[in-house]
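Below is one structure, written out as structure tokens; comments come after it.
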Protein chains: 2
Amino acid sequence: MDKKLLEEINHLHAQVCGGLSDPKRIAMLYALAEGPKSVMELAETLAAPQPTISRHLKILRERGMVIAKREGANIIYTLGDKRIIRALDLLREVLADHLNKRSALAEAIA
Amino acid sequence: MDKKLLEEINHLHAQVCGGLSDPKRIAMLYALAEGPKSVMELAETLAAPQPTISRHLKILRERGMVIAKREGANIIYTLGDKRIIRALDLLREVLADHLNKRSALAEAIA
DNA sequence: TATACATATTCGCATTTGCGAATATATCAA
DNA sequence: TTGATATATTCGCAAATGCGAATATGTATA
């Protein structure tokens, strides 16, 4: 594959990963993993103002990570791909292992 | 679990994900998936200046995503956890599917 | 010790990101 | 049409991020 093309792919890849690099978006994706939700429901679940939720949803939408469907006055959001949750779970395991190693080190010193 | 604690975990989770949200870091992680490499080797592989590589390595190191080991004058970096690559692969699949849907739509219009 | 080589860090700067507040748009119901 | 409700967007700003250039640190070797 072309060098330039590879860089472009990594750029898009990074954008998808960037969709996960915010605590609220992570919480939103896990919430949607439980089932479709309206913007208001998400705002309630996350205890965050509606405009904030909408802005984050836009970011996820642009990356195909959530899907919007209008239902009357509401807009129902659905998780775009279950593999997103699998990736999140894997990375949470990585985090857990790292924290365990760190705290094991800390105890060894004390 | 406590609300505040959950937020703190999501924050750390987001930091790990943030480690993936840069094209160069993605390229570096895939390069390290092939085997351990020194900073210079990484700089060559990515065709990027050494200080840039070192700065990105610091970010990955802080998140436990790579491990540094000194060998004489060199410092050899190793992938910290293979699950990172699995997560990256999953997200690349998500990207591919999204792009396919998009281009299918584009063709349907044309 | 002096010199070369490998890696890390700092600085100044431009870009991006997330947020609150305010406002716009869309849909339904009376 | 008017009002109420749900969602999206814009604006100004503060904080975070990435980068090139320069410099510092650490290690081996002569």
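The values are calculated or read from the model by the stated rules, or taken from the named source; none is laboratory data. Just so you know, these numbers come straight off a predicted model, no measurement behind them. Reconstructed Cβ throughout: ideal geometry from the backbone, glycine too, with neighbour counts over all protein chains shown. Heavy atoms of the whole protein, side chains included, go into the accessibility calculation; ligands, DNA and RNA do not. Shrake-Rupley method; radii C 1.70, N 1.55, O 1.52, S 1.80 Å.
One table, with the values for the structure above:
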item	result
Among residues of the stretch A:88-100, those that are within 7 Å of another protein chain (Cβ to nearest Cβ), farther than 12 Å from A:TYR30 by Cβ and either open to solvent by 10 Å² or more (accessible area, probe 1.4 Å) or not in a helix (DSSP H, G or I) (or both), counted	5
Whichever residue in the stretch B:30-40 is more than 12 Å from DNA strand C (Cβ to nearest atom) and either on the phi < 0 side of the Ramachandran plot or in contact with a Pro (Cβ under 8 Å, 6 or more places away or on another chain) (or both) and, among such residues, is most open to solvent (accessible area, probe 1.4 Å)	B:GLU34
Positions within the stretch A:46-75 being open to solvent by 30 Å² or more (accessible area, probe 1.4 Å), more than 10 Å from chain B (Cβ to nearest Cβ) and over 15 Å from the mean Cα position of the chain (by Cα), in sequence order	A:PRO49, A:GLN50, A:PRO51, A:ALA68, A:LYS69, A:ARG70, A:GLU71, A:GLY72, A:ALA73, A:ASN74, A:ILE75
Every residue from the stretch B:2-18 that is open to solvent by 80 Å² or more (accessible area, probe 1.4 Å) and either polar (S, T, N, Q) or more than 7 Å from chain A (Cβ to nearest Cβ) (or both)	B:ASP2, B:LYS3, B:LYS4, B:LEU5, B:GLU8
Residue among B:ALA27, B:ALA43 that is farther than 29 Å from A:ARG63 by Cα, surrounded by 17 or more Cβ atoms within 10 Å (Cβ to Cβ) and either within 14 Å of chain A (Cβ to nearest Cβ) or free of Cβ contacts under 8 Å to residues at least 12 places away in the same chain (or both)	B:ALA43
A:ILE85 being surrounded by fewer than 21 Cβ atoms within 10 Å (Cβ to Cβ), more than 12 Å from DNA strand D (Cβ to nearest atom) and either within 11 Å of chain B (Cβ to nearest Cβ) or at positive phi (or both)	yes
Of the criteria (1) away from DNA strand D (no atom under 11 Å from the Cβ); (2) at pLDDT 95 or above; (3) part of a helix (DSSP H, G or I), which one B:ILE53 fails	(1)
